[in-house]
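One structure is given below, encoded as structure tokens.
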Amino acid sequence: MNEIIRMEHVSKMFGTLEAVKDASLTVRQGEVVLIIGPSGSGKSTLLRSVNKLEKVTSGKIWIDEDEVTSPSVDIRKIREEAGMVFQNFNLFPHLSVLDNITLAPGLVRSKSKEEAAELARRLLKKVGLSDKEQAFPDQLSGGQQQRVAIARALAMQPKVMLFDEPTSALDPEMIKEVLDVMLDLAKEGMTMMVVSHEMGFARAASDKVIFMDAGEIIETGTPEEVFDHPREERTKQFLKHIL
């Protein structure tokens, strides 16, 4: 399998705080990589640097053949290749569900209105919201809004999907509906990097788990290796509190 994301010696400073320290990792095509760790460990900063929402201080990142960290990189192309789903949905409140999804493919991918709408309806069916295309975001539950946000990211037909704590703003009963959509994407072979505390999802869907603490990648392995046989003391301490 091809490497689709590659990070080499990535560091990110916020003033004097080193949020990410010398992080290197690879994500292969079709792989689901889960990043776990305590709050403030650098997980989201690392994830957001993949599509240059955070500009790294040093190190290099590639998506496929494109070097994200190159000064001459086309940021728009990078954001097309790496779809992003945030914890707070970020839907346009004044647009219908259908218009939220069709906006970017029309503007950026130059799809006709008909093509964009057909793709949007296909994706709404995939996320179980075919009956909501004319609804507005404030008429939807949090779980439904997050599923629309996933459909919107997929409408750009990205090479990878980045999820930054996609269920942390949701009520418990809505978490499963979002994780089920993500599980389906994983089964279909979508390359995904996910920052999450959902350990059930990690076991069910991820190929690789990365544990971060204080900006460093402390341990990497399969879900079984990291959850059942962690090698590092910091990993053991963290898992003791959440499992």
- For segment 78-86, what does the Karplus curve 6.51 cos²θ - 1.76 cosθ + 1.60, with θ = phi - 60°, yield as ³J(HN,Hα) per residue in whole Hz, taken in order and with x for Gly and Pro? 4, 5, 5, 6, 10, x, 10, 10, 9
- Note on the structure: The set of residues whose placed amide H lies less than 5 Å from the amide H of residue 64, leaving out same-chain residues fewer than 5 positions away, is 5, 6
- Message: Rolling a 1.4 angstrom probe over the protein chains, ignoring ligands and nucleic acids, what is the accessible area of residue 154 in square angstrom, nearest 10?
- Response: 10
- Query: Antiparallel as a % of all DSSP beta bridges within segment 119-243, to the nearest 5?
  - Reply: 50
- Probe 1.4 Å, accessible area per residue of segment 154-237, Å²: 42
- Query: Excluding ligands and nucleic acids, what accessible area in Å² is computed for residue 14 using a 1.4 Å probe, to the nearest 10?
  - Reply: 90
- Task: Determine how large the accessible area of residue 131 is when every protein chain is in place; take a 1.4 Å probe and give Å² rounded to the nearest 10.
- Result: 120
- Item | Among (i) 53, 44, 37; (ii) 44, 42, 35; (iii) 49, 42, 37, the entry that matches Cα extents along the principal axes in Å as calculated here | (i)
- Item | Cross-link pairs 21/60; 60/126; 208/236; 52/159; 113/187 - those with Cα-Cα distance over 24 Å | 60/126; 113/187
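Protein chains only, probe 1.4 Å: how do 147, 76 rank by accessible area, largest first? Please report the intermediate quantities before stating the final value.
Numbers: 147 30, 76 145 Å².
Most to least solvent-accessible, the answer reads 76, 147.
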- Query: How many percent of the accessible area of the chain is carbon or sulfur, using a 1.4 Å probe?
  - Reply: 48
- Message: I need to check one value: relative contact order of the chain, counting alpha carbon pairs closer than 8 Å and at least 6 residues apart, in percent.
- Response: 26
- Residue-normalised accessible area of segment 22-146, given per residue in Å² at a 1.4 Å probe: 48
- Taking the alpha-carbon centre of each part, the distance from segment 111-185 to segment 4-31 in Å is 27
- Is the shape of segment 58-134 rounded, prolate or oblate, going by the alpha carbon gyration tensor and its root eigenvalues a ≥ b ≥ c, with a/c under 1.5 for rounded and a/b larger than b/c for prolate? prolate
- Note on the structure: Bridge orientation stat for the chain from DSSP, antiparallel percent rounded to 5, came to 55
- Query: Within the chain, what is the longest stretch that has no GluC sites (Glu not before Pro) placed in a DSSP loop and near at most 15 other beta-carbon atoms within 10 Å?
  - Reply: 66-187
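The values are calculated or read from the model by the stated rules, or taken from the named source; none is laboratory data. Every value quoted in this text rests on a predicted model; they were computed, and no experiment measured them. Cβ atoms come from the backbone with ideal geometry, glycine included; neighbour counts cover every protein chain shown. The area values use the complete protein model at the heavy-atom level, side chains included, leaving out ligands, DNA and RNA. Shrake-Rupley method; radii C 1.70, N 1.55, O 1.52, S 1.80 Å.
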